[in-house]
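As structure tokens, the structure follows; a few thoughts come after it.
The values are calculated or read from the model by the stated rules, or taken from the named source; none is laboratory data. Everything quoted here is computed from the prediction, not taken from an experiment. For neighbour counting, all protein chains shown are included, and Cβ atoms are generated from backbone atoms with ideal geometry for every residue, glycine included. Accessible surface areas use protein heavy atoms only, side chains included; no ligands, DNA or RNA. Shrake-Rupley method; radii C 1.70, N 1.55, O 1.52, S 1.80 Å.
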2 protein chains.
Amino acid sequence: MKTAAMKPDYQRPLDLKRGRVDMNHGAGGRASAQLVAELFARAFDNEFLAQGDDGALLPLPPPGQRLVVSTDTHVISPLFFPGGDIGSLAVHGTVNDVAMMGARPVALTAGFVLEEGFALADLARIVESMAAAARAAGVPVVAGDTKVVERGKGDGVFVTTTGIGFVPAGRAVGGAQARAGDAVLVSGTFGDHGVAVLSRRESLAFETEITSDSAALNGLVEALFAALPAAAVHVLRDPTRGGLATTLNEIAQQSAAGIVLDEAALPVREQVAGACELLGLDPLYVANEGKMVAIVDAAHADAALAALRAHPLGREAARIGEVIADPHRFVQMRTRFGGRRMVDWLTGEQLPRIC
Amino acid sequence: MKTAAMKPDYQRPLDLKRGRVDMNHGAGGRASAQLVAELFARAFDNEFLAQGDDGALLPLPPPGQRLVVSTDTHVISPLFFPGGDIGSLAVHGTVNDVAMMGARPVALTAGFVLEEGFALADLARIVESMAAAARAAGVPVVAGDTKVVERGKGDGVFVTTTGIGFVPAGRAVGGAQARAGDAVLVSGTFGDHGVAVLSRRESLAFETEITSDSAALNGLVEALFAALPAAAVHVLRDPTRGGLATTLNEIAQQSAAGIVLDEAALPVREQVAGACELLGLDPLYVANEGKMVAIVDAAHADAALAALRAHPLGREAARIGEVIADPHRFVQMRTRFGGRRMVDWLTGEQLPRIC
């Protein structure tokens, strides 16, 4: 048999301790197949991936539901940060985008760009973290792809995740659904993710480590829908890049309405506020990865707040403002001193490669 | 109003002639929104993308169908090559993966990693090519994401596309469905894509330019199903990275069967064969982006071949071999001289960054 002689390198298992990514791992031959089998398929282990075809076959839900698809590319630097890594982040980011459509996420796909020379041990750590996050969220990674680029043409690992979900009948959330009078809630403190990543990047040491809030919010969304009529939930959105301020401006734009925030009601960790002051950042514009904005019918705001607070990921939920009629679609803030100021979109670069 | 003063750079339209990607385009603020609005949303223009939410809402098919999802990351170099570019390729690659599951593709998502400094004119060319390919295939790009990395941390553009499709009732294709006695067909010549890319990369000049076969095969798949009973189509697969040899080995492995090819029946363009000889490549291992392998019940092989040949993308279709019982799951070739040789998986690196 000539096969044995032709593939001496792949008779051995992957060296996940000292091995490195090489160009062969992206060439689609035996080395690619080995990387998939010994790392990705093992970590993501599920019946869909085990189908071994070009895509995954998934069952459809009963009639009356709708399909949601969302995608997110992750280029965060550094790859590992307090509270997570690019793998868990890639799962959370996309699970959350699907959940923010009012959908129950059912499957993820993942596409990797690996840089030649990247340590297989770090890749394994990322893939295992991703698999653990997917399991915790109850959303399997059902298909994937891996490509390799030469040293100096990438930056370790980039991951694009796509999520699929189904929207149960009766739910109709969307950025255009905010109505004057609605209550604006957030599920917890904001700015944590951006500050955690920046502190690691800049090697800043704070007395207490600030950790990313990176988390899958599909459970929290279900808790909210369980507590109030589906039609009372108008908008759900996770304030990631651009932060809370940019997310609220997007919603105001889509809904053709204004939003007024109460500065005193905005939940920000003391540590995060302090770090932001030091770094010259406004926490309103700093990315979050485990928080959501929920805009609900004001008549159900108390029930919504109680439901969020009863969930481990919503303990610090707060009612932070209201939607108003405003043809200018402005987001404004009632300051602690009784004044009003505009809250604009994020304009320039604030934190590059934050997700 | 302070907003006007805060965003002087984004009061002007994007400079698609001389502008360049900067880090702001990936920061999730106004510059990101502008890039999406003036380039991506305009090119991909469709009702789903226009929803403007974190994901796209899609209708579900009637009961009895199944959902397919597939993903592909594209890092091809160079970005532009004879017969296509990374944009059209990213559409074709993923449309084909979905179609190879026997599904009708209904939607694509796209995630971009852009390198700081990349010319917006080149990005626009890629996005417009992608949009044209999507329109031609009848599959809208319904959601996307764009990230920017610093100069020297990427390589122009990487694109990850994910495809969603529905499998009509009665179809059951998959890599594990090949049975002894089945006929092995290919839809046309192979090796064209890899040789076209390599010739551009190496600045090789041939008498006649060799162009990539990059094309969407969903129409060809439908033509095949229209011509024979759904149950007669056992395996469909596009021989991309790793080429025909690797694809057939994957199928043999999944189906626990052997495959015997007829060397004399393998369709390879003379130009491609000549270039491969010059470059020391075996066309059996060279990537294709607009060809498929169809393994069908032998009783329907003639009808299948006729259906393929009647379609513009299948004119040079050929019956190239058969599936046999073989516990070793070998792929073998009956040579022109009456001998037999093993056709192994692609073992090492052949053509890096070919897709």
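Table for the structure above
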quantity	calculated
Test: residue in segment B:109-127 that is away from every other protein chain (no Cβ under 12 Å), open to solvent by 10 Å² or more (accessible area, probe 1.4 Å) and among the acidic types (Asp, Glu)	yes
Those residues of segment A:58-73 which are open to solvent by 40 Å² or more (accessible area, probe 1.4 Å) and at pLDDT 90 or above, in sequence order	A:Gln65, A:Arg66
Residues that are assigned to a loop (DSSP other than H, G, I, E, B) and farther than 22 Å from A:Glu289 by Cβ, drawn from segment A:311-346	A:Ala325, A:Asp326, A:Pro327, A:His328, A:Arg329, A:Phe330, A:Thr335, A:Arg336, A:Phe337, A:Gly338, A:Gly339, A:Asp344
Top-ranked residue in segment B:207-225 [being surrounded by fewer than 22 Cβ atoms within 10 Å (Cβ to Cβ) and either closer than 18 Å to B:Ile354 by Cβ or assigned by TED's automatic domain parsing to the domain that holds B:Val98 (or both); ranked as farthest from the chain's Cα centre (by Cα)]	B:Glu209
Residue in segment B:173-183 that is closer than 24 Å to B:Leu248 by Cα and among the β-branched types (Val, Ile, Thr) present	yes
Residue match in segment B:224-238 (condition: among the aromatic types (Phe, Trp, Tyr) and away from chain A (no Cβ under 14 Å))	yes
Residue check, A:Ala306 more than 17 Å from A:Val173 (Cβ to Cβ), surrounded by fewer than 24 Cβ atoms within 10 Å (Cβ to Cβ) and within 26 Å of the chain's Cα centre (by Cα)	yes
Residue that is farthest from the other protein chains (Cβ to nearest Cβ), among those in segment A:154-174 that are assigned to a loop (DSSP other than H, G, I, E, B) and within 30 Å of A:Leu281 (Cα to Cα)	A:Gly156
Set B:Gly83, B:Gly93, B:Gly55: member being touching a helix residue (DSSP H, G or I) at 6+ places or on another chain (Cβ under 7 Å) and open to solvent by less than 10 Å² (accessible area, probe 1.4 Å)	B:Gly55
Boolean, B:Ala99 is more than 13 Å from every other protein chain (Cβ to nearest Cβ), open to solvent by less than 10 Å² (accessible area, probe 1.4 Å) and over 17 Å from B:Gly26 (Cβ atoms)	no
Segment B:19-60, residues that are part of a loop (DSSP other than H, G, I, E, B) and facing chain A (nearest Cβ under 7 Å)	B:Ala27, B:Gly28, B:Gly29, B:Gly52, B:Asp53, B:Asp54, B:Gly55, B:Pro59, B:Leu60
Some residue of segment A:275-287 being over 19 Å from the mean Cα position of the chain (by Cα), part of a helix (DSSP H, G or I) and buried (at least 20 other Cβ atoms within 10 Å of the Cβ)	yes
Test: A:Val21 is open to solvent by 40 Å² or more (accessible area, probe 1.4 Å) and under 17 Å from A:Phe112 (Cβ atoms)	no
Qualifying residues in segment A:138-153 (those that are closer than 22 Å to A:Asp213 by Cα and surrounded by fewer than 24 Cβ atoms within 10 Å (Cβ to Cβ)) - the one farthest from the other protein chains (Cβ to nearest Cβ)	A:Gly138
Neighbours by Cβ (under 6 Å, 6+ apart or cross-chain): first from segment B:228-248, among the basic types (Lys, Arg); second in a helix (DSSP H, G or I)	B:Arg237/B:Thr247
Among residues of segment A:226-240, those that are open to solvent by less than 20 Å² (accessible area, probe 1.4 Å) and in a helix (DSSP H, G or I), counted	1
Breaking point among (1) buried (at least 20 other Cβ atoms within 10 Å of the Cβ); (2) under 25 Å from A:Leu58 (Cβ atoms), for B:Gly243	(2)
Selection count where residues are touching a Ser or Thr at 6+ places or on another chain (Cβ under 8 Å) and more than 18 Å from A:Val235 (Cα to Cα), scope segment A:312-347	7
Filter result (open to solvent by less than 10 Å² (accessible area, probe 1.4 Å) and within 11 Å of chain A (Cβ to nearest Cβ)) within segment B:175-193	B:Gly175
Residue match in segment B:141-149 (condition: among the aliphatic types (A, V, I, L, M), closer than 30 Å to B:Ala226 by Cα and in contact with a strand residue (DSSP E or B) (Cβ under 7 Å, 6 or more places away or on another chain))	yes
Odd one out for A:Arg104, checked against (1) open to solvent by less than 10 Å² (accessible area, probe 1.4 Å); (2) in contact (Cβ under 8 Å) with a residue 12 or more places away in the chain; (3) within 30 Å of B:Ala176 (Cβ to Cβ)	(1)
Conditions (1) of a type in the set (A, V, I, L, M, F, W, C); (2) in contact (Cβ under 8 Å) with a residue 60 or more places away in the chain; (3) assigned to a helix (DSSP H, G or I); (4) crowded, with 24+ Cβ neighbours inside 10 Å; number of the one not met by B:Ile76	(3)
